[in-house]
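Some notes on the structure that comes next.
The values are calculated or read from the model by the stated rules, or taken from the named source; none is laboratory data. Every value quoted in this text rests on a predicted model; they were computed, and no experiment measured them. Positions of Cβ are backbone-derived with ideal geometry, glycine not excepted, and every protein chain shown enters the neighbour counts.
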Amino acid sequence: MSELIQTYGPAFLDGFKVTILSSVLALLFSLIIGTLMAIFQLSHNKWIRGLAKAYVEFFRNIPLLIIVMFFYVVLPLYWISFDGFQAGTIGLTIYTSAFIAETVRSGIQTVPKGQMEAGLSSGFTYSETMRYIVLPQAFKIVIPPLGNQFINLVKNSSILAIVAGLDIMYQGDLIASETFNTFDTYIIVGLFYLIITLPLSYLMVYLEKKWAVRS
């Protein structure tokens, strides 16, 4: 294994950097989109509510690979082309945002309705009340399931390997095909994923305990 690391270390690191970049971008945008979809699902406007629910149900119930292949193979036939990294990251963002939307929505609904009423009666607009009063409480409630979604996002980023996204899994596939040392190669790839997911898991536990004490 040490010889493998010494020879292919730069390739592993290049793939690791791509995995981190894709995961961070997808995490950021899926959190934004998912939060908006959660709020839209609770809208009093039936059209906004219906469209948001359709978005969430559609993307939660189709495979991630189909979304990625749509951007990588189908869309370029009719409109614009995406490379493997772009298609994989966009697909990962859309897919994860649907799950985050449901998680955040459940958190918002857990916050007592009196919080919203108190904010509105204090002169805040609906959006200000949601932003400054309801959402902070909702996020504290849903830290554990959100953490699971973030960890799943990192693991799902391996989908980039299928569309030549140059991530750590893609590099591992290339190295395994060159060396025929599949066991050691994928052990190393797995360790790189753990480097991301384990600290993320501990961070979520820390935040959950910290906010629980404050509450």
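Taken residue by residue, the stretch 112-128 has at least one member that is without any contact (Cβ under 8 Å) to a residue 60 or more places away in the chain, out of contact with any Ser or Thr (no Cβ under 6 Å at 6 or more places or on another chain) and at positive phi. Of the residues Ile62, Ile108, Ile66, the single one that is more than 22 Å from Ser22 (Cα to Cα), modelled with pLDDT of 90 or more and among the β-branched types (Val, Ile, Thr) is Ile108.
Against the test of being modelled with pLDDT under 90, within 30 Å of Lys155 (Cβ to Cβ) and of a type outside the set (S, T, N, Q), the options Phe139, Phe82 yield a single qualifying residue, Phe139. Elements of the type helices (runs of 4 or more DSSP H) sitting completely within the stretch 50-119 and holding at least 2 residues that are closer than 22 Å to Leu146 by Cα and of a type in the set (Phe, Trp, Tyr): these cover 84-110. Of all the residues in the stretch 161-196, those that are under 19 Å from Gly88 (Cα atoms) and of a type in the set (Ser, Thr, Tyr) number 2. Screening the stretch 17-49 for residues that are outside any loop (DSSP other than H, G, I, E, B) and of a type in the set (Gly, Ala, Ser) and picking the one that is nearest to Leu92 (Cα to Cα) gives Ala26. Every condition in (1) modelled with pLDDT of 90 or more; (2) touching a Gly at 6+ places or on another chain (Cβ under 7 Å) is met by Thr197 except one, and the failing one is (2).
On inspection, Ile32 qualifies as surrounded by fewer than 18 Cβ atoms within 10 Å (Cβ to Cβ), closer than 24 Å to Ile159 by Cα and modelled with pLDDT of 95 or more.
How many residues, within the stretch 39-65, are of a type in the set (Phe, Trp, Tyr), surrounded by 14 or more Cβ atoms within 10 Å (Cβ to Cβ) and without any contact (Cβ under 8 Å) to a residue 40 or more places away in the chain? Step through it out loud before you land on a result.
Going through the stretch 39-65, the residues of a type in the set (Phe, Trp, Tyr) turn out to be 40, 47, 55, 58-59.
Those left that are additionally surrounded by 14 or more Cβ atoms within 10 Å (Cβ to Cβ): 40, 55, 59.
Next, only the ones that are without any contact (Cβ under 8 Å) to a residue 40 or more places away in the chain stay: 40, 59.
So the answer is 2.
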